[in-house]
1. Would you grab the residues whose amide H sits under 5 Å from the one on V86? Only those 5+ places off in sequence or on another chain, please, with H modelled 1.01 Å from N.
2. In terms of Cα to Cα distance under 18 Å, which aspartates and glutamates are near enough to K110, apart from those fewer than 8 places away along the same chain?
3. Considering the Cα positions of segment 34-106, please state its Rg to one decimal place and its Dmax as a whole number of Å.
4. Would you mind computing, in nm to one decimal, how far apart the modelled labels at I85 and M52 are, each placed 7 Å from Cα along Cα→Cβ?
Amino acid sequence: MHQKVKITVGLVIAIIAIATLSGCANHTVTPRYKQADGYQYLERKITDNYYMLEIVSKNKATLHTNSLTQASTLTEQLGFDWFIIVEHNNADNQPPNKYSIEIRMGKGVKP
């Protein structure tokens, strides 16, 4: 009987350890790019009015224009009046045909 208690206690400890470790597993979801007219984009929400946009296009010459188009579309969809580019990553420093911008959006008078 004493042997059964040791085995049971050992199993309970093992189950608790497995459950605890499985909670620590990384459940990162790979972001999916959405398709737009001639390019793909990824939106990452930082705060309610602050977003990071990544634009990927076959045509490197249109990356900047596509990023402005997507920023404008997102601003309108979320009900804001204007956006400003807070930061941008030059396409030359990014993988081929990729451009990133961070925008802040607002309502009313633009600062």
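1. Amide H neighbours of V86: E102, I103, R104.
2. D48, E76, D81, E87, E102
3. 11.5, 32
4. 1.7
None of the figures in this text is laboratory data; all of them are computed from the coordinates on show. All values reported here derive from a predicted model rather than from experimental measurement. Reconstructed Cβ throughout: ideal geometry from the backbone, glycine too, with neighbour counts over all protein chains shown.
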